[in-house]
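This report refers to the structure that appears directly beneath it.
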Amino acid sequence: MDPEVRPSRGAEEYVPAAIEELAGRLKFSFPTGHIWLGEERMILLHKAAFGSFRKELVNTLGMDRARGVLTRMGFAAGTRDAELVRRLYPNSSDSDVLLRGPLLHTLQGIAKVEPIRLDVDLAKGHCFADVIWVNSFEADVHHQLFGVEPGSCCWMQVGYASGFVSGLMRKFVLFDEIECGTEQCHIIGKPLEEWDAKEAEPLMKYFDAEPLADQLLELQHQVRTLRYSIDEALEPGDLVGSSPAFRSAWDLLKRAARSQITVLLLGETGVGKEMFARALHKTSSRSHAPFIAVNCGALPEQLVESELFGVQQGAYTGAQQSRPGRFERAHGGTLFLDEVAELPATAQTKLLRVLQEGELERVGDTRTREVDVRVVAATNVDLEEAVRNGRFRKDLYYRLNVFPVRIAPLRERKEDISVLADRFIEKYTAREGKRILGVTDKALQALKNYAWPGNVRELENMVERGVLLAPNDGRIDVADLFSVLPVDHGLEKTTSLDLQGKLQCCAPDPMERLAEIFIEKKLTLDDVEASLMKSVLDRCEMNISAAAKQLGITRSQLRYRLKQKGIASADEAE
Ligand SMILES: [Zn+2]
C-alpha cells in the first residue's frame, strides 16, 4: 500500500485521543462568560442564527457575492486555527499538525471530518488533501433555506480548509468541493500552482475581495486615512485613546494649547505626562520652537539652579564658562518641569519670579534676562499637602495650579488598552524587525483584567517583552506578556468537556497551567527551581530564613541550593 495514503481506519483510531486532547483545551469560564479554545475566544452560535445571516447575505448581495463573503470568513477562521495549532504543537510531525485542522472542524461542530488522504511535507511546500465531510452543518443550513442544488454550498467550510492549510504551509492552498450532498461532501486541496488554471480561476474569485467590497474597503480606507490625519493633528505621537477619561484630559489640553497659560499635569507615575506635555506643545503656536523636558527630581540639588537658570563664568569653582539654562534654551517654546515638587526652596523662588515677571538671572550674574517660555509642570504627589508641610511655596503652588489637568491612571481607561498595545506592537516590531499579528484574545483579556500599577509605561514594557518572546508571524500570548502569571487570569475556574461530551467542572488547577507554561517555554526542572527560589527570596526581602520557611526546607538547604545556582542573597556575606 502507498505509505502516504492514510487508511481511514487508521485515522479513526488516531482520532479519539487527539480530539480528546483538543477538547481538553476548550474551557468554559462561567464566572467570566468566556469560552476559550487555547487562547482564542470562541462563541456558541445557533445554527438557526447562522441560517438567517446566510439568508440575508444572499438576499442583499446575491448568491455569488454571499459565497465570497462566507468563503473569506471561513478562511479567516482557518488561519486562526492554523496559528493555534502551530503554537500548541510545535514538535508534532507535519501530518499530525495537518490532521489537527479536521479535528478542530469536528470539535467546532462544523462536520464530522474523515480524511481519505492527507499527504504533507511542510519543508518542501508540498501537500495534498482529500477529505470527506459527514453531517456538514453548512449543507444542512443551505438545503433548508434554498433546497438541494447541484454544486458546492459548503462555502465557509471550504474557506476554512483553505485558510487552515494555507496558514500551515505559509502559501496559498486551494480547496474545491467536488461533491456536496445531504449524505456527505467531498473536498480536495493542493497548492494553487498545482491546479489547472482553468479549474482554479472560477474558484479563486471567492477568495479575493470583490469589486463592490473593494470599493467599500477603499472608501473605508480613505475615511480612516482622513480620520487618522485629523487624529494625528490632535493626538501626536504615542498619545492615543478614546476612553472618556482620555478624551476629557485631551480636550482640556487642546484648549490650553491655544493660549499661553501655565499648565499643571497631575497623575501617577507612568501615565504619560511627558507625552501629554509634548502633544500640548506640538499643537500650540509654539510648536516651531524648542520643547525642553527637565526631571526636577533627577537633578542633584546643587546643580538644579544652574541647570534651570544658567550660570555665569566664575560664579563658583568649576563654572569655567557661561552657559544658558533650560529656561533660556526653551525660549519661544515650552519647558516641561516633571516632578516639580522636588525643587529645592531657592529654585522655587526663582521659578516663581520667571512665571510672574518673565525674567531670570543666571547663577552668579547680575544681569536680568527676559525669557518667553510656557511652563508645563507635572507632579505625582499631592502639592496641597506639600504646601501644608512647608515643602512647597504656597504662592508658587497657586501660580502653577491655574490650569490643572488630571491624567487618569490606566486602570481608569481600560478601553484604551487595546489601541495602546497595538501602537506599542507597531513600534517594537519595527525595531525588532519582526512581524506580529497582535495579541491573542486571552492575552487582551488578561491585559484588561490587570491593575496596571505602573500605568502606560508598564504596558509599553510588557508589550516590548511580548514582541521579543512571541513567535514571528504569530500572536503575543499571556505567557509572553506576564513574567509572573496574573492571579486572576488563566487560573479561573473553568468547565470542560470529557470524551462523552459531558461538561465536567474542573477545580481551578494553577499547577496544571503552570506545568503547561513550563512545557510550552521548554523550561527545565532547574529553571523552575531557580525562578521559584528567586521569587520567594524577593518577596521575603532577601531574608533566607523567611524564604526557607516559605519553601518548606531548612535554612542551610536553601543556602546550599542558592550557592549551587549562583543566586545572591542578603546574608551571603555571613
Ligand atoms: Zn457540502
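Normalising by residue count, the stretch 40-138 has a Cα convex hull of 116 Å³ per residue.
Ligands, DNA and RNA aside, residue 525 has an accessible area near 150 Å² when probed at 1.4 Å.
Taking every pair of Cα atoms in the stretch 313-429, average 1/r, invert it to obtain the Kirkwood radius, and report Rg/Rh to two decimals. My calculation puts Rg/Rh at 1.09.
Using DSSP, restrict attention to beta bridges with both residues in the chain and report what percent are antiparallel, rounded to the nearest 5. Here the share of antiparallel DSSP bridges comes out near 65 percent. With N counted as the residues of the stretch 27-69, its alpha-carbon radius of gyration over 2.2 N^0.38 Å works out to 1.63.
Using alpha carbons only, the radius of gyration of the chain set against its Kirkwood radius gives Rg/Rh = 1.09.
Mean residue ellipticity at 222 nm, helices only, the chain: -15500 deg cm²/dmol; runs of at least 4 DSSP H residues each add -39,500 (n - 2.57), and the sum is divided by the number of residues. Converting the Cα gyration tensor eigenvalues of the stretch 101-158 into ellipsoid dimensions via √(5λ) gives semi-axes, longest first, of 26, 13, 9 Å. The phi torsions of the stretch 196-202, fed into the Karplus equation with coefficients 6.51, -1.76 and 1.60 and a -60° offset, translate into couplings of 6, 4, 5, 6, 6, 4, x Hz, rounded to whole numbers, with Gly and Pro shown as x. Relative to the dominant Cα principal axis of the chain, helix 63-88 is inclined by about 70°. Quick one: helix 417-432 against the long Cα principal axis of the chain, what's the angle to the nearest 10°, folded into 0 to 90? The helix 417-432 is inclined about 90 degrees to the chain.
The phi torsions of the stretch 167-182, fed into the Karplus equation with coefficients 6.51, -1.76 and 1.60 and a -60° offset, translate into couplings of x, 6, 7, 6, 8, 6, 10, 9, 10, 10, 8, 8, 8, 9, x, 6 Hz, rounded to whole numbers, with Gly and Pro shown as x. Close amide H pairs (under 5 Å, H built 1.01 Å from N) link residue 406 with 266, residues at least 5 positions away or on another chain. Distance from the C-alpha centroid of the stretch 372-386 to that of the stretch 151-182: 62 Å, rounded to the whole angstrom.
Annotation: extensible slack from residue 451 through residue 483 equals 10.0 nm (criterion: 0.36 nm per residue apart, minus Cα-Cα distance).
Across the stretch 334-389, the convex hull enclosing all Cα atoms gives 90 Å³ per residue.
Multiplying the residue separation of residue 468 and residue 426 by 0.36 nm and subtracting their alpha-carbon distance yields 13.9 nm.
Converting phi to 3J(HN,Hα) with the Karplus coefficients 6.51, -1.76 and 1.60 and the offset θ = phi - 60°, the stretch 373-379 yields 9, 8, 9, 10, 9, 9, 7 Hz in sequence order, with x at every glycine or proline. Here is the size of the stretch 85-125 from its Cα atoms: Rg then Dmax, 11.0, 32 Å. To the nearest ten degrees, helix 8-23 and the longest principal axis of the Cα atoms of the chain are 30 degrees apart. The charge dipole of the chain, taken about its Cα centre with unit charges on the Cβ of Lys, Arg, Asp and Glu (plus for the first two, minus for the last two), comes to roughly 2140 debye.
Write down the Å³ per residue value for the convex hull defined by the alpha carbon atoms of the stretch 389-453.
157 Å³
When 283, 60, 554, 71 are compared by accessible area at a 1.4 angstrom probe, the order from most to least is 60, 554, 283, 71.
Rounded to 0.05, the FRET efficiency of the residue 406 and residue 535 pair, given R0 = 51 Å and the Cβ-Cβ distance, is 0.90.
Once the Cα-Cα distance is subtracted from the 0.36 nm per residue extended length, the residue 565 to residue 240 segment shows a gain of 112.6 nm. Approximating the spin labels as points 7 Å out from Cα along Cα→Cβ, the residue 321-to-residue 55 distance works out to 8.3 nm.
The values are calculated or read from the model by the stated rules, or taken from the named source; none is laboratory data. Because the structure is predicted, anything quoted here is derived from the model rather than measured. A quick note on method: Cβ atoms are made from the backbone with ideal geometry, for glycine too, and the neighbour counts reach across all protein chains shown. Accessible surface areas use protein heavy atoms only, side chains included; no ligands, DNA or RNA. Shrake-Rupley method; radii C 1.70, N 1.55, O 1.52, S 1.80 Å.
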